[in-house]
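Worksheet: one structure, shown below.
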Amino acid sequence: MLRPIDQYFLDQPAAFNSCLHFLRKMIMSQDERITEKWQYGMPFYYFGNHRLCYLWVHKKYKMPYIGIVDGKLVNDPDLLSEKRSRMKILLIDPTKKIPLKKIDALLQKLMKIYAEQAL
């Protein structure tokens, strides 16, 4: 029997499946302290005890996205806050090249902030 988090990825439409799998692997490869957990019915990624981000598919835009939990700490024109006060999202168009450098920079910045808070 599959874990719910693995089933989530398998259940995604073909148009999003490979994109979400790639994002999953990319996030997990950022740092050995990143862990994956199934929370709120979605895959969440933690850096130590801090919720770093999550993966989901936007219902309105019909695109996968990375939800940045503390997006308010990061200023980037590509991050959408919509009606959220704390979180921001980065839409990922699965038909285009994934913005690897942008994702890497966002995650590295957040991990640096969290590491400094732990001091």
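Going by the structure shown, is residue 48 within 14 Å of residue 110 (Cα to Cα), more than 12 Å from the chain's Cα centre (by Cα) and among the small types (Gly, Ala, Ser)?
Spelling it out, residue 48 is indeed within 14 Å of residue 110 (Cα to Cα), more than 12 Å from the chain's Cα centre (by Cα) and among the small types (Gly, Ala, Ser).
Within segment 80-96, the only residue that satisfies the criterion of being farther than 19 Å from residue 16 by Cβ and either in contact (Cβ under 8 Å) with a residue 24 or more places away in the chain or outside any loop (DSSP other than H, G, I, E, B) (or both) is 88.
Restricting attention to segment 68-79, the residues that are in a helix (DSSP H, G or I) and buried (at least 19 other Cβ atoms within 10 Å of the Cβ) add up to 1.
Pull out all pairs, ordered by first then second residue, where Cβ-Cβ is under 9 Å, the residues are six or more apart or on different chains, the first lies in segment 102-119 and is more than 15 Å from residue 29 (Cβ to Cβ), and the second is assigned to a helix (DSSP H, G or I). Once the first residue is more than 15 Å from residue 29 (Cβ to Cβ) and sits in segment 102-119, its partners that are assigned to a helix (DSSP H, G or I) give 109/73; 110/71; 110/73; 113/73. Scanning segment 16-32 for residues that are more than 12 Å from residue 55 (Cβ to Cβ) and either of a type in the set (Ser, Thr, Tyr) or touching a strand residue (DSSP E or B) at 6+ places or on another chain (Cβ under 9 Å) (or both) yields 18, 29, 30, 31.
Out of 8, 65, 54, 45, one residue alone is surrounded by 11 or more Cβ atoms within 10 Å (Cβ to Cβ), farther than 18 Å from residue 102 by Cα and either in contact (Cβ under 8 Å) with a residue 24 or more places away in the chain or not basic (Lys, Arg) (or both). It is 8. Would you tally the residues in segment 22-38 being of a type outside the set (A, V, I, L, M) and under 15 Å from residue 100 (Cβ atoms)? Within segment 22-38, residues that are of a type outside the set (A, V, I, L, M) and under 15 Å from residue 100 (Cβ atoms) number 5.
Within segment 51-88, being of a type in the set (S, T, N, Q) and either touching a Pro at 6+ places or on another chain (Cβ under 9 Å) or farther than 13 Å from residue 106 by Cβ (or both) holds for 81, 85.
Return the residue satisfying two criteria in turn: it lies in segment 11-32 and is outside any helix (DSSP H, G or I) and in contact (Cβ under 8 Å) with a residue 60 or more places away in the chain, and of such residues it is surrounded by the fewest Cβ atoms within 10 Å (Cβ to Cβ).
Checked segment 11-32; the qualifying residue surrounded by the fewest Cβ atoms within 10 Å (Cβ to Cβ) is 31.
Could you check how many residues of segment 90-119 are closer than 24 Å to residue 49 by Cα and in contact with a His (Cβ under 7 Å, 6 or more places away or on another chain)?
Looking only at segment 90-119, we keep the residues that are closer than 24 Å to residue 49 by Cα, and these are 90, 102-119.
So of that shortlist, the ones also in contact with a His (Cβ under 7 Å, 6 or more places away or on another chain) come out as 114.
Summing the residues that are closer than 24 Å to residue 49 by Cα and in contact with a His (Cβ under 7 Å, 6 or more places away or on another chain) in segment 90-119 gives 1.
Taking residue 57, is it aliphatic (A, V, I, L, M), closer than 24 Å to residue 118 by Cα and in contact with a strand residue (DSSP E or B) (Cβ under 7 Å, 6 or more places away or on another chain)? Against the criterion (aliphatic (A, V, I, L, M), closer than 24 Å to residue 118 by Cα and in contact with a strand residue (DSSP E or B) (Cβ under 7 Å, 6 or more places away or on another chain)), residue 57 does not qualify.
Every number here is computed from the coordinates shown, using simple stated rules; none is lab data. As the structure is a prediction and not an experimental result, all values here were calculated from the model. A quick note on method: Cβ atoms are made from the backbone with ideal geometry, for glycine too, and the neighbour counts reach across all protein chains shown.
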